[in-house]
Amino acid sequence: MAGEAALLLVRFGRRYAAAVRLATLAPICGIALFRAQGEQLAATAAVVAVAAAWTCGFSWWLRAGRGSWPVALDVLVLLGLYSSVPWTGAIEDTNTGWLRLLVTFACVTWQWHTTPAAGGAAAVAAGGGAALIVALAGGESLVREAMWATAAAALSRLAWVLVHHAAGRADRAAAEAVRARGASLVAEAVRAEERELANSLHDTAATTLLMVGTGQVRSDDGWLAPQARRDLDRLRSDAGRPPGGDDPEGPGGEDDLVERLRAGLGEARLAVEFDAPERLRLPSDVARALADAAGEALTNVRRHAGTGRASVRLEGDARALRLDIADRGRGFAPARVPLTRRGIRESLRGRMSRVGGTATITSAEGEGTLVSLEWPAPAGDADR
């Protein structure tokens, strides 16, 4: 199947052929009338009028028509014009140059919108027929008349074949680029899903097991079994969610961020001061990213801050918002956090960056911590 470049070239060939035929018509007709002798002027003008009318009609067909059969009619009309030379006196005064130009340009432009066989046959028929007519009328330019048109047609066909091959290469390159882009998008979707699953594992089961393993909680604490069930439910949900969002209808769904945050507060096991509007609907992937990032921030408060209290404040609307998670715990130096740690790099900054937002961590030892989640990212702001 022809590619886009090849199809555009076919349309261009027909239109450019029509443009060349029309552009050369006026000077060719001018040459004919200028070279005509006084007594042959009327007959020459009549032949020129027929040539002009036919060229205009054929050019209109080139732009609007289909198929190649009118090319055969074009050959017959041009040979008919050539057959008028005995009555116009063109042989005696050698006023055949304008007819040769008319035939030559026709032979050249036929190669741009016909098959090689059709274009070649038309050029041989027109060039050879014109030479034969001139010879029968007493002219002596048989070889010149035939070779001029056919040689020009051969060069035109060669150039057109080279251009057509270039268009084919362009189509193949474009198709390969589309395939490569498709493969890249699929790979990126897989990587995004893997990142989110890794984030979910880090935020849920891995954190719970680490707290048990390090002795931060006792293995027989009453909250541990329900928390493990919630962790497993979330991992199952995340594994079954299509890439791009958790809405089964696609990434275009919406969710209530406030409802998600309230649900997360129940799992935080902290005394949380919550300040937010009654509801705030956002695209599902954005609401989920904000709620999960806030949940990770609260988990860090519980694990590292040395305090059982935190505050969560949401302000803004569906166009721009800011979500602050703050505590007055022991604080830390963000610059000293190893790059291998996923909590800040992926569960906060990476998660927000993928939905077009930012995560900023402000903390110092002994001064508590403030995690600010902003969406969309402020103008000119980079991922922080």
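The values are calculated or read from the model by the stated rules, or taken from the named source; none is laboratory data. These figures come from a predicted structure and were not determined experimentally. Neighbour counts are summed over all protein chains in view; Cβ atoms, including those assigned to glycine, are modelled from backbone coordinates with ideal geometry. Note: accessible area is taken over every heavy atom of the protein model, side chains too, but ligands, DNA and RNA are not part of it. Shrake-Rupley method; radii C 1.70, N 1.55, O 1.52, S 1.80 Å.
Quick look at the numbers
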read-out	value
1 or more residues among the hydrophobic types (A, V, I, L, M, F, W, C) and touching an Asp or Glu at 6+ places or on another chain (Cβ under 6 Å): qualifying strands (runs of 3 or more DSSP E) within region 294-365	309-316
Extreme residue, nearest to Thr115 (Cα to Cα), among residues of region 1-30 that are open to solvent by 50 Å² or more (accessible area, probe 1.4 Å) and not in a helix (DSSP H, G or I)	Ala2
Some residue of region 351-359 being surrounded by 22 or more Cβ atoms within 10 Å (Cβ to Cβ), modelled with pLDDT of 90 or more, on the phi < 0 side of the Ramachandran plot and aliphatic (A, V, I, L, M)	yes
Qualifying residue in region 31-39 (condition: under 23 Å from Val77 (Cβ atoms), in contact (Cβ under 8 Å) with a residue 40 or more places away in the chain and either surrounded by fewer than 16 Cβ atoms within 10 Å (Cβ to Cβ) or not small (Gly, Ala, Ser) (or both))	yes
Top-ranked residue of region 98-125 - restricted to ones that are outside any helix (DSSP H, G or I) and of a type in the set (Ser, Thr, Tyr), ranked as most open to solvent (accessible area, probe 1.4 Å)	Thr115
Residue count for region 321-374, restricted to those that are in contact (Cβ under 8 Å) with a residue 40 or more places away in the chain, over 21 Å from Glu188 (Cα atoms) and not basic (Lys, Arg)	16
Residue within region 233-242 that is at pLDDT below 90, more than 28 Å from Ser363 (Cα to Cα) and part of a loop (DSSP other than H, G, I, E, B) present	yes
Test: residue in region 48-70 that is under 22 Å from Arg157 (Cα atoms), open to solvent by 40 Å² or more (accessible area, probe 1.4 Å) and polar (S, T, N, Q)	yes
